[in-house]
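The values are calculated or read from the model by the stated rules, or taken from the named source; none is laboratory data. Owing to the predicted nature of the structure, the values given are computational and were not obtained by experimental measurement. Virtual Cβ from ideal backbone geometry, glycine too; neighbours counted across all protein chains shown.
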There are 2 protein chains.
Amino acid sequence: MRLRMTKLYHIAVVGATGAVGVEMFRVLERRGFPVASIRAFGSKRSAGKSAVFHDEKIPVAELGRESFRGIDLALFSAGTTVAREFAPIARDAGAIVIDNSSTFRMDPEVPLVIPEINGDDAKLHRGIIANPNCTTAVALMAIYPLHRVFTVKRVFAASYQAVSGSGARAIAELEQQVRAAAESQPARAEVYPHPIAFNVLPQVDAFLESGYTKEEMKMQNEGRRIMHHPEFCASVTCVRVPVYRAHSVAVSAEFAEPISVERAREVLAKAPGLELVDEPARNRYPMPLHVAGKDNCEVGRVRRDCAFENGLAFWVSGDQLLKGAALNAVQIAELL
Amino acid sequence: MRLRMTKLYHIAVVGATGAVGVEMFRVLERRGFPVASIRAFGSKRSAGKSAVFHDEKIPVAELGRESFRGIDLALFSAGTTVAREFAPIARDAGAIVIDNSSTFRMDPEVPLVIPEINGDDAKLHRGIIANPNCTTAVALMAIYPLHRVFTVKRVFAASYQAVSGSGARAIAELEQQVRAAAESQPARAEVYPHPIAFNVLPQVDAFLESGYTKEEMKMQNEGRRIMHHPEFCASVTCVRVPVYRAHSVAVSAEFAEPISVERAREVLAKAPGLELVDEPARNRYPMPLHVAGKDNCEVGRVRRDCAFENGLAFWVSGDQLLKGAALNAVQIAELL
């Protein structure tokens, strides 16, 4: 064994008790990130709780203006309000911020990065780097490698999004509604406007004037930035489903170049961060239950699209807390 | 009140104990169908059970070659094997057969009918009429009225299909898997190749050589016949979701004529058998939990499609045991 002289980093995790925050600690551990020290921050409500890093309890402190003194890397997953106020504070204190909220994703001064796609963009940062939307990240992991070879023009997509995408409270809400159903009690809905147990909700995030939701437009808006492809079009329907973890997306994609299923399979099988799980004869295809907890996204159901000239239909699943959030954030940190 | 001299019909329900069969009795009751007598048939396994019609127990008899003597109308929902063998027997015995399986749907001698769309086709029958696939029926209830005005060219669709579409055993399987999860027991999967609780399965029905499943091609194949529109294209991904009842479909549709959201809404609001539920500002849109048990399908999330020139995106939900099966079958019978 060789000893490596690696720089060690002082890290802050903001939103440490949330569904993504908890994963941040797990991913840093698992990938052996060079940590000098790690601090956990949360809201007033979370202060006093604790996070766990390598079996050590890390007390969660209330986030404040002085929290980032001596911090090299701040991993934010605490929503838009916190990011807007505290990300600039962290940056000005000398930390590099990787933010998981939508706050800075369309800011031309902030790189929006999926390491397997546009890792080089991360180097252009001015202190803040944005992590993409989870559904977008999962879908682009399959769309981009195809785009590199066949040039994607547009996609039609429908999502099947897990409740953990809405955080820990949504997980508890689904559990509670399932128990209520077992006891023939009415379902109480607080996180979502309607019950999610044994239901699907064709709404994720708020509605725009156009009739699309914000979430639905992220694949096109963020996809254009991440793929450096300003003409990319994506018509998406985002739907919440009663799944605890991992998002799935059904995609029909049109390409400028002729595409065959055989060549597409070759390209997908070699794409980084992606696994081709596509054996229909053995009922093998990506599913949230199998991909949950895995770093790699999975693609399958690859077939020639019957309604596009140069088209391909496929199905992608990915753990949105990992590739869609914590893993991608740590991968960005590793690039730097 | 006027007394009407209505002919009364001798009816046989084949597959009387299945998820759709049970609904057949309910729909006949609810719509006041002119019933002279009603008999219930099932497999050997179901013989001895009973169905209920107007609070009266109807014993389920094992289906046999002599079952259709004196029957005017035979409502089949017993799968392909039974339909292939017994529908011709029922027809030759003088009954009109309305079959819910896929057996005769592509047979040019057998009309495939959704009363609100091509009711006149039913009159061309030679003893057998086919009921369409449930997902196709639900989607076409919204696609067809738009097609009449704007001429549909192609659709991209993804489905969210309830377990009751696979029959009573699938309902029990989801219930059992949810209980197992509550007790941290592994899920047993028998009806489906994988657990359906807290999961989604991108497979409904068997795979074809093309990579599409049989179910996925039904929207195009059956849609062409029902709409009398041989150029109609539909690229569909069919997905089973942990919902007990009612299917939903996310649709992006391209039309030959220019289409506006306002005109589309007017057309959909007036379409028979369909309700426009589309108030995003109040979080009102179609959902399986609300549409279950309703005769009408619901359409909402109507918006100008951002990836098609003359395109519309929308979301349809419908009770597939009713409009997708029992209700449609009884509506066909009412036409005759």
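Quick notes on this structure:
- Residue selection: residue A:302 fails the criterion of being within 24 Å of the chain's Cα centre (by Cα), among the aliphatic types (A, V, I, L, M), under 18 Å from residue A:162 (Cβ atoms) and surrounded by 17 or more Cβ atoms within 10 Å (Cβ to Cβ).
- Residue match in the stretch B:157-165 (condition: in contact (Cβ under 8 Å) with a residue 24 or more places away in the chain, more than 14 Å from every other protein chain (Cβ to nearest Cβ), farther than 18 Å from residue B:74 by Cα and touching a Lys or Arg at 6+ places or on another chain (Cβ under 6 Å)): no
- Where a residue in the stretch A:225-240 is under 24 Å from residue B:160 (Cβ atoms) and facing chain B (nearest Cβ under 9 Å) and its partner, wherever it lies, is modelled with pLDDT under 95 and not in a helix (DSSP H, G or I), with Cβ under 9 Å and at least six apart: none
- Residue B:281 vs. criteria at the interface with another protein chain (Cβ under 10 Å from one of its Cβ atoms) and over 30 Å from residue B:23 (Cβ atoms): yes
- Hits in the stretch B:166-181 - residues which are at the interface with chain A (Cβ under 10 Å from one of its Cβ atoms) and either in contact (Cβ under 8 Å) with a residue 40 or more places away in the chain or in contact with a Phe, Trp or Tyr (Cβ under 9 Å, 6 or more places away or on another chain) (or both): B:174, B:175, B:178, B:181
- Being in contact (Cβ under 8 Å) with a residue 60 or more places away in the chain and not charged (D, E, K, R) is a property that does not hold for residue B:130.
- Checking each residue in the stretch A:176-205 for being part of a helix (DSSP H, G or I) and of a type outside the set (Val, Ile, Thr) picks out A:176, A:177, A:179, A:180, A:181, A:182.
- Flag if residue A:64 is within 22 Å of the chain's Cα centre (by Cα) and not hydrophobic (A, V, I, L, M, F, W, C): no
- Restricting the stretch B:214-224 to residues that are within 11 Å of chain A (Cβ to nearest Cβ) and crowded, with 24+ Cβ neighbours inside 10 Å, the residue that is farthest from residue A:181 (Cα to Cα): B:219
- Where strands (runs of 3 or more DSSP E) sit wholly within the stretch B:1-57, those with at least 3 residues that are buried (at least 22 other Cβ atoms within 10 Å of the Cβ) and touching a Lys or Arg at 6+ places or on another chain (Cβ under 8 Å) occupy B:9-14.
Yes or no, residue by residue, for (1) crowded, with 24+ Cβ neighbours inside 10 Å; (2) without any contact (Cβ under 8 Å) to a residue 24 or more places away in the chain; (3) part of a strand (DSSP E or B):
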{"position": "A:317", "(1), (2), (3)": "yes, no, yes"}
{"position": "A:320", "(1), (2), (3)": "yes, no, no"}
{"position": "A:323", "(1), (2), (3)": "yes, no, no"}
{"position": "A:327", "(1), (2), (3)": "yes, no, no"}
{"position": "A:331", "(1), (2), (3)": "no, no, no"}
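- Of all the residues in the stretch B:137-187, those that are at pLDDT below 95 and acidic (Asp, Glu) number 1.
- Checking residue A:292 against (1) modelled with pLDDT under 95; (2) farther than 24 Å from residue A:156 by Cα; (3) among the small types (Gly, Ala, Ser), the condition it does not meet: (1)
- Taken over the stretch B:75-122, the criterion of being under 18 Å from residue B:38 (Cβ atoms), among the β-branched types (Val, Ile, Thr) and out of contact with any His (no Cβ under 8 Å at 6 or more places or on another chain) is satisfied by B:97, B:98.
- Extreme residue, farthest from the other protein chains (Cβ to nearest Cβ), among residues of the stretch B:288-303 that are charged (D, E, K, R) and assigned to a loop (DSSP other than H, G, I, E, B): B:295
- Conditions (1) at pLDDT below 95; (2) buried (at least 24 other Cβ atoms within 10 Å of the Cβ): number failed by residue B:309: (2)
- Among the residues of the stretch A:246-256, at least one is in contact (Cβ under 8 Å) with a residue 24 or more places away in the chain and more than 14 Å from chain B (Cβ to nearest Cβ).
- Considering the stretch B:182-213, and only residues there that are within 8 Å of another protein chain (Cβ to nearest Cβ) and among the hydrophobic types (A, V, I, L, M, F, W, C), the residue that is nearest to residue B:152 (Cα to Cα) turns out to be B:207.
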